[in-house]
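Undergrad: Take this structure first; my questions come after.
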Amino acid sequence: MDNKQKTIVFKVSDNIKDQMIEHYQDMVTGKPPYSIFQVKQYDCVITLYESGKVMFQGIGADIEASFWTEQERIINNRNIDEETKKKEEKENNKEYYYYDAIGSDEVGTGDYFGPIIVTATLVNKTTRKLLEDLKIMDSKKMTDDKIRRCAPIIMKKLPYVTFTLSNTKYNELAKKGFNMNKIKAILHNKVLYELSNKGIAYHKIIVDQFTTPRSYFSYLKQENITEKVTKITFLTKGESAHLSVAAASVISRYLFLEEMDKMSNKYGITILKGASDKVDELGKQIVKKYGKQELEKIAKLNFKNTEKILK
Ligand code: MG
C-alpha cells in the first residue's frame, strides 16, 4: 500500500474520545460534516467523528493511531488491533458464502479417546437452502442430538468423502514423529483430493485453517504426496464462511459419535469425549480391566492423559 494513502479507522471509547478532544483542542484545523474536529499535521490528518469513529490518514497515521490504541489498551483493556482484525476476517468470510464450494473439517483431535475423522463435502446453490433450513453450523455449536438428527439427512443429499484415522494408526504416526498439524494436513488433502476429482462442479476449495498454508504444503511435501489439491482458500473460522465447512464438521462429528457409541458398547461403559480428569479416571478403569496395551487401540497415546492414567 502507498504509505501516503494509509488510513486507519476505529471507534474509540467515550473516555478516550474526551481525551482526544482535550489533546487536540489547540490544533484543530477544520470540522467536516458529522465530525467533532479535524487536525491536519504535516504527516497525518486526524478526524474524530461524533459517532466516536476516528480516522488517521497519511504517512504518520500508524504512529498517531498507535498512541490512542495504546491508551485504549492501558485504560480500557481494549485491544483495537485484535478487534480490527476480527472485523476484517468477518468481512472477508462474507465474500465466500455464495460460492459453490468444497469444504473440509475434522474432529477428534482434542479427544483422548476415539479416532480422528476428516470429511470433505460440497455445498452449492441447490443444496445451500437445505442446510440453511436445518440451521447447520459449526458442529461445536450444535448439540449431539441435533447432529444425530441432521447428519443422516445431509449425508443423503451432499456428495462427501470421509476418512477415519484409527487410534492404532494415529499412534504409529505419532511414534514416527508426525505432529497433529501434519496428520491433519495429510488427511484433509486426502479427502479433498478424492472429492474434487469426482467430476463435480465447484468454484473454491475452503479449508478451516489450522496451520499456515506454507506449513500445510510443506507437510505434504515431506511425505512426497503427489496426489494433492493445491488451490485452497484457507480461512480462519471457515465454518462460518461457508456451509460446506460447517457440513463437513457435522458429518465428521456424527461419524465420531457413532465410533464412540461402538466403543462404549464394546467396553460396557460410556467412553467420554475430551481430555479431562474424568477421561483419566475412565482410562484407569479400562487399563485395570483390559491391560495398558488396550489404550493403543482406543486412545491417542501421546496426550498427557496417558502418563496420568499409567501413574
Ligand atoms: Mg476445524
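The values are calculated or read from the model by the stated rules, or taken from the named source; none is laboratory data. Everything numeric here is computed off the predicted structure, so don't read it as measured data. Positions of Cβ are backbone-derived with ideal geometry, glycine not excepted, and every protein chain shown enters the neighbour counts. Surface areas here come from the heavy atoms of the whole protein model, side chains and all, with no ligands, DNA or RNA. Shrake-Rupley method; radii C 1.70, N 1.55, O 1.52, S 1.80 Å.
Undergrad: When you scan region 214-230, how many residues do you find that are within 15 Å of the ligand (Cβ to nearest atom) and either of a type in the set (D, E, K, R) or in contact (Cβ under 8 Å) with a residue 60 or more places away in the chain (or both)? Talk me through it step by step, then tell me what you get.
TA: Start the filter on region 214-230 by keeping residues that are within 15 Å of the ligand (Cβ to nearest atom), which leaves 216.
Filter once more, keeping what is either of a type in the set (D, E, K, R) or in contact (Cβ under 8 Å) with a residue 60 or more places away in the chain (or both): none.
So the answer is 0.
Yes/no matrix, rows are residues, columns are (1) open to solvent by 80 Å² or more (accessible area, probe 1.4 Å); (2) closer than 22 Å to residue 102 by Cα; (3) in contact with an Asp or Glu (Cβ under 6 Å, 6 or more places away or on another chain):
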| position | (1), (2), (3) |
| --- | --- |
| 194 | yes, yes, no |
| 239 | no, yes, yes |
| 248 | no, yes, yes |
| 266 | yes, no, no |
| 270 | yes, no, no |
| 280 | no, no, no |
| 292 | yes, no, no |
| 299 | no, no, no |
| 304 | yes, no, no |
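Undergrad: Identify the single condition in (1) touching a Gly at 6+ places or on another chain (Cβ under 8 Å); (2) part of a helix (DSSP H, G or I) that residue 43 does not satisfy, given that it satisfies every other one.
TA: Of the numbered conditions (1) touching a Gly at 6+ places or on another chain (Cβ under 8 Å); (2) part of a helix (DSSP H, G or I), the odd one out for residue 43 is (2).
Undergrad: Another question about this same structure. Looking at (1) of a type outside the set (S, T, N, Q); (2) assigned to a strand (DSSP E or B); (3) within 16 Å of the ligand (Cβ to nearest atom); (4) farther than 30 Å from residue 293 by Cα, which is the one condition that is false for residue 106?
TA: Just one mismatch for residue 106, condition (4).
Undergrad: On to the next question. Of all residues in region 174-213, how many are over 27 Å from residue 243 (Cβ atoms) and either of a type outside the set (Phe, Trp, Tyr) or in contact (Cβ under 8 Å) with a residue 40 or more places away in the chain (or both)?
TA: Filtering region 174-213 down to residues over 27 Å from residue 243 (Cβ atoms) leaves 174-179, 182.
Next, from what is left, pick out any that are either of a type outside the set (Phe, Trp, Tyr) or in contact (Cβ under 8 Å) with a residue 40 or more places away in the chain (or both): 174-177, 179, 182.
Within region 174-213, residues that are over 27 Å from residue 243 (Cβ atoms) and either of a type outside the set (Phe, Trp, Tyr) or in contact (Cβ under 8 Å) with a residue 40 or more places away in the chain (or both) number 6.
Undergrad: If you don't mind, there's one more thing I want to ask. Determine which single condition residue 22 fails, assuming it passes every other condition in (1) under 18 Å from residue 70 (Cβ atoms); (2) surrounded by 15 or more Cβ atoms within 10 Å (Cβ to Cβ).
TA: (2)
Undergrad: Just to be sure before I move on: is residue 227 in contact with a helix residue (DSSP H, G or I) (Cβ under 8 Å, 6 or more places away or on another chain), within 18 Å of residue 165 (Cβ to Cβ) and open to solvent by 90 Å² or more (accessible area, probe 1.4 Å) in the structure I sent?
TA: Details: in contact with a helix residue (DSSP H, G or I) (Cβ under 8 Å, 6 or more places away or on another chain): yes; within 18 Å of residue 165 (Cβ to Cβ): yes; open to solvent by 90 Å² or more (accessible area, probe 1.4 Å): yes.
For residue 227, the condition - in contact with a helix residue (DSSP H, G or I) (Cβ under 8 Å, 6 or more places away or on another chain), within 18 Å of residue 165 (Cβ to Cβ) and open to solvent by 90 Å² or more (accessible area, probe 1.4 Å) - is met.
Residue by residue, here is whether (1) within 16 Å of the ligand (Cβ to nearest atom); (2) modelled with pLDDT under 95; (3) at negative phi holds:
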| site | (1), (2), (3) |
| --- | --- |
| 235 | yes, yes, yes |
| 239 | yes, yes, yes |
| 242 | yes, yes, yes |
| 255 | yes, no, yes |
| 259 | no, no, yes |
| 264 | no, no, yes |
| 270 | no, no, yes |
| 275 | no, no, yes |
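Undergrad: Which one of these is within 16 Å of the ligand (Cβ to nearest atom) and not charged (D, E, K, R): 153, 147, 200?
TA: Numbers: 153 fails: within 16 Å of the ligand (Cβ to nearest atom); 200 fails: within 16 Å of the ligand (Cβ to nearest atom).
Answer to the selection: 147.
Undergrad: Also, I was wondering about something else. Among (1) more than 16 Å from the ligand (Cβ to nearest atom); (2) surrounded by 24 or more Cβ atoms within 10 Å (Cβ to Cβ), there is one condition residue 206 misses while meeting the rest; what is its number?
TA: Condition not satisfied by residue 206: (1).
Undergrad: State whether one or more residues within region 211-219 are in contact with a Cys (Cβ under 8 Å, 6 or more places away or on another chain), under 30 Å from residue 97 (Cβ atoms) and not hydroxyl-bearing (Ser, Thr, Tyr). Let's see the steps before the verdict.
TA: Step one: list which residues in region 211-219 are in contact with a Cys (Cβ under 8 Å, 6 or more places away or on another chain), which gives none.
No, there is no match, as no residue in region 211-219 is in contact with a Cys (Cβ under 8 Å, 6 or more places away or on another chain), under 30 Å from residue 97 (Cβ atoms) and not hydroxyl-bearing (Ser, Thr, Tyr).
Undergrad: Oh, and also: Give me the pairs, please: first residue somewhere in region 246-266 and β-branched (Val, Ile, Thr), second residue anywhere and more than 13 Å from the ligand (Cβ to nearest atom) and part of a helix (DSSP H, G or I), beta-carbon distance under 8 Å, and either six or more positions apart or on two chains.
TA: Short answer, once both residue conditions are applied: 250/147; 250/150; 250/151; 250/154; 251/151; 251/154; 251/155.
Undergrad: I would also like to ask the following. Hey, residue 198 hits all of (1) touching a Pro at 6+ places or on another chain (Cβ under 8 Å); (2) open to solvent by less than 70 Å² (accessible area, probe 1.4 Å) but one; which does it fall short on?
TA: (2)
Undergrad: Check whether at least one residue in region 117-128 is closer than 23 Å to residue 198 by Cα, within 16 Å of the ligand (Cβ to nearest atom) and in a loop (DSSP other than H, G, I, E, B), and report yes or no.
TA: Scanning region 117-128 turns up no residue that is closer than 23 Å to residue 198 by Cα, within 16 Å of the ligand (Cβ to nearest atom) and in a loop (DSSP other than H, G, I, E, B).
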